[in-house]
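Report on the structure given below.
The values are calculated or read from the model by the stated rules, or taken from the named source; none is laboratory data. As the structure is a computational prediction, the values presented were derived from the model and not from experiment. Neighbour counts are summed over all protein chains in view; Cβ atoms, including those assigned to glycine, are modelled from backbone coordinates with ideal geometry.
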Amino acid sequence: MSRPGRPAGRRRGFTLIELLVSLLLLGLVLTLVYGAFAQISGPAVAQRDRLNEQQDLRLLLRMVADDLQSAQWLERFWAKGIQFRTGIVAELRSQGGKDFTTVALHAARPARFFRTVDPRHDPDLHEVGYSVEPSEDRTQLVLMRREDFYLDDDIERGGVPVQVADRIQTFLVEFLPGSADPIASEPPWQVRWDSPNQPESTRMPLAMRVSIGRTSAGGQVLTESIEFNLPASLRL
């Protein structure tokens with residue numbers, strides 16, 4: 001029999017303490033779930049970022065290799081007595097206590113920087129250079145690509161410099177002389193090259209090797225290398 005003044009079947013609600021305990025338990029569960037998700041997703045995000053940076057490094061390496069592989073020894077100019085330096089000129093220069101390659105060359109490829117020029121008027125032969133320089137704020141080292149639309153008597157200066165990569169740790173170009181045995185167990189790679197001072201029959205190297213290292217956003221040093229032969233027809 002129902003008590004007077006109290007509707008039959010009415011259920012008792014939650015007390016304030018019960019609600020607070022429920023909210024506390026819910027917050028604890030959400031915290032545990034979020035922590036587990038962060039532990040799972042954190043390494044996955046880091047791995048994704050590392051793969052992206054590795055891919056960017058490979059694309060940079062491919063661009064440098066494409067330029068170097070198109071290097072030309074301008075025989076017709078040399079033979080006419082216009083004996084400015086041509087082919088490939090490379091040496092090591094120190095920046096921040098490390099040695100990096102500085103390289104200049106005559107490259108038989110379309111211009112990358114001079115997009116305002118009608119492609120039909122592009123001579124497909126330009127001066128190209130790479131060097132490692134301090135950034136504008138001098139907090140890091142950057143890789144610069146220099147391109148001169150017209151050839152002149154100074155292969156190492158002039159043109160438009162553009163930063164192509166930051167956080168550089170390694171930039172090394174090595175050269176295999178034309179007289180070397182390419183299948184030797186320890187090929188005699190050289191870190192300097194000057195085509196005009198090479199023997200006439202081997203002005204250009206037989207092969208080149210390029211190594212680039214960068215510090216990733218996560219602080220890891222990523223390094224990639226590539227070796228390639230030079231085409232047999234390198235004289236214009």
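Considering ARG85, ARG120, the condition of being surrounded by 18 or more Cβ atoms within 10 Å (Cβ to Cβ), out of contact with any Phe, Trp or Tyr (no Cβ under 9 Å at 6 or more places or on another chain) and modelled with pLDDT under 90 is satisfied by ARG85 alone.
When you look at GLY213, is it part of a loop (DSSP other than H, G, I, E, B) and not charged (D, E, K, R), yes or no? No: the conditions fail for GLY213.
Restricting ARG157, ARG146 to those that are within 15 Å of VAL89 (Cα to Cα), assigned to a strand (DSSP E or B), within 24 Å of the chain's Cα centre (by Cα) and without any contact (Cβ under 8 Å) to a residue 60 or more places away in the chain reduces the list to ARG146.
For the range 117-143: of the residues being assigned to a loop (DSSP other than H, G, I, E, B) and over 22 Å from the mean Cα position of the chain (by Cα), which is nearest to PRO196 (Cα to Cα)? If we take residues in the range 117-143 being assigned to a loop (DSSP other than H, G, I, E, B) and over 22 Å from the mean Cα position of the chain (by Cα), then LEU125 is nearest to PRO196 (Cα to Cα).
Before we move on, is ARG157 of a type in the set (Lys, Arg) and over 24 Å from THR86 (Cα atoms)? Taking the combined requirement at face value, the residue does not satisfy it. When SER185 is tested against (1) within 14 Å of the chain's Cα centre (by Cα); (2) part of a loop (DSSP other than H, G, I, E, B); (3) of a type in the set (Ser, Thr, Tyr), only condition (1) is not met.
Report yes if some residue within the range 176-189 is surrounded by fewer than 17 Cβ atoms within 10 Å (Cβ to Cβ) and among the polar types (S, T, N, Q); otherwise report no. Looking for residues that are surrounded by fewer than 17 Cβ atoms within 10 Å (Cβ to Cβ) and among the polar types (S, T, N, Q), one finds at least one in the range 176-189, hence yes.
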